[in-house]
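Encoded as structure tokens, the structure appears first; notes follow it.
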Amino acid sequence: MSTESSERAPHAGTGASYASAGVDIEAGDRAVELMKEWVKKTQRPEVLGGLGGFAGLFDASALKRYERPLLASATDGVGTKVDIARQMGVYDTIGHDLVAMVMDDIVVCGAEPLFMTDYICVGKVHPERVAAIVKGIAEGCVLAGCALVGGETAEHPGLLGPDDFDVAGAGTGVVEHDRLLGADRIRTGDAVIAMASSGLHSNGYSLVRHVVFDRAGMTLDQRVDELGRTLGEELLEPTKIYSLDCLALTRTTDVHAFSHITGGGLAANLARVIPDGLHATVDRSTWAPGAIFDLVGKAGQVERLELEKTLNMGVGMMAVVPAEFVDAALTTLADRGVESWVAGEITERGAHTTGAELVGDYAK
């Protein structure tokens, strides 16, 4: 995991230096040293070497136990939630969000997360701040069961302000070909199981920030009784990481598909795994969205359908399982501390239905 700028150093004969251009190599080196203890906590037996190499190494001979291994990969970021972290001065949770966004996309197909790399772009390297971000990524990797094998911290003076930053990551997982989950497995009569989100997760923050700050005039340090804490604390709540919970479910039940509820909302993401000819109906009355969703709706006078197209509305992951496996699935998730419930079912698609829809009204 190196720390360097994306720019080239000025020509030595000009009298300029990388430092005079705003790039602090020594600070970058200090950040790498601070990262090391956290990255070590994510290591798996298949990882070779440590920080400082040009590439992270993962022993692919571990895949010999698979008959036909399929590698799954995903890349993502956490969007404008990073600005909440910047304003709050809290940097050790945003990494959880990054890992969740990447690895929970990978597990949707039934793949086991293997390893991840990150990219942190800053206006100025503050070693402790960068290390705190990596600490969060490492902790997230532990929760997802994957290794953090490398990354990049790039300093972009002149393009970003001294306190500005962004994070992104890429991950890789593996699944046996005949264990691949998806639309082709789903059948009429399957149940749709919802897993509770920890809050907004990492989608819709452009809408949320516009609503609560610009329209409602709220502040991050404002305590909100309905939330039981400040607005900033609620908005910075880390995204729930479901990877190991989903894998546990595949071992105890006959899972047909998962759907990670991210940008686009619940119905649109669920529809991505529903095959042609079938339809998923999700009953809103089976759960009550958290207070933050009601707050955003009321503060910005945002219509319910618009909220549902943008936010997860209290559901972070969904599983489609045969009806006879519902009890086993709910028991597995409960044993792992995951709040879950039967939220809907799979039926034949009618003439006027789409892949998935929400019906009824939310519970109070």
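Some points to look at:
- Residues satisfying the stated conditions in the range 220-233, i.e. over 24 Å from the mean Cα position of the chain (by Cα), assigned to a loop (DSSP other than H, G, I, E, B) and surrounded by 13 or more Cβ atoms within 10 Å (Cβ to Cβ): Gln222
- For the range 201-219, residues that are farther than 30 Å from Arg179 by Cα and part of a loop (DSSP other than H, G, I, E, B) total 5.
- Among the residues of the range 208-227, those identified as in contact (Cβ under 8 Å) with a residue 12 or more places away in the chain and more than 13 Å from Asp83 (Cα to Cα) are Val211, Val212, Arg215, Ala216, Met218, Thr219, Val224, Glu226, Leu227.
- Restricting Glu26, Glu67 to residues that are out of contact with any helix residue (DSSP H, G or I) (no Cβ under 6 Å at 6 or more places or on another chain) and at pLDDT below 75 narrows the list to Glu26.
- Condition check for Ile193: in contact with a His (Cβ under 9 Å, 6 or more places away or on another chain), among the aliphatic types (A, V, I, L, M) and within 30 Å of Arg349 (Cβ to Cβ): no
Table: residues versus (1) open to solvent by 10 Å² or more (accessible area, probe 1.4 Å); (2) within 16 Å of the chain's Cα centre (by Cα); (3) under 23 Å from Ala111 (Cα atoms).
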site: Gly161; (1), (2), (3): yes, no, no
site: Ala168; (1), (2), (3): yes, yes, yes
site: Thr172; (1), (2), (3): yes, yes, yes
site: Ile186; (1), (2), (3): no, no, yes
site: Asp190; (1), (2), (3): no, no, yes
site: Gly204; (1), (2), (3): yes, yes, no
site: Val208; (1), (2), (3): no, no, no
site: Arg215; (1), (2), (3): yes, no, no
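- Matching residues, the range 90-115, being among the β-branched types (Val, Ile, Thr) and open to solvent by less than 20 Å² (accessible area, probe 1.4 Å): Ile94, Val99, Val102, Ile106, Val107
- Of residues in the range 270-307 being among the small types (Gly, Ala, Ser) and under 24 Å from the mean Cα position of the chain (by Cα), the one farthest from Glu233 (Cα to Cα): Ala280
- Condition broken by Gly53, with the remaining ones in (1) among the small types (Gly, Ala, Ser); (2) part of a helix (DSSP H, G or I); (3) over 24 Å from the mean Cα position of the chain (by Cα) satisfied: (2)
- Among residues of the range 334-364 being free of Cβ contacts under 8 Å to residues at least 24 places away in the same chain and of a type outside the set (Gly, Ala, Ser), the one that is nearest to Gly314 (Cα to Cα) is Asp335.
- Where helices (runs of 4 or more DSSP H) sit wholly within the range 257-364, those with at least 1 residues that are open to solvent by 30 Å² or more (accessible area, probe 1.4 Å) and closer than 24 Å to Asp184 by Cβ occupy 265-271, 326-335.
- Residue within the range 240-249 that is surrounded by 21 or more Cβ atoms within 10 Å (Cβ to Cβ), at pLDDT 95 or above, part of a loop (DSSP other than H, G, I, E, B) and touching an Asp or Glu at 6+ places or on another chain (Cβ under 7 Å) present: yes
The values are calculated or read from the model by the stated rules, or taken from the named source; none is laboratory data. Keep in mind that what you see is a predicted model, and the values were worked out from it rather than measured. No Cβ is skipped: glycine too gets one built from the backbone with ideal geometry, and neighbour counts run over all protein chains shown. Side chains are part of the model used for accessible areas, which takes the heavy atoms of the whole protein and leaves out ligands, DNA and RNA. Shrake-Rupley method; radii C 1.70, N 1.55, O 1.52, S 1.80 Å.
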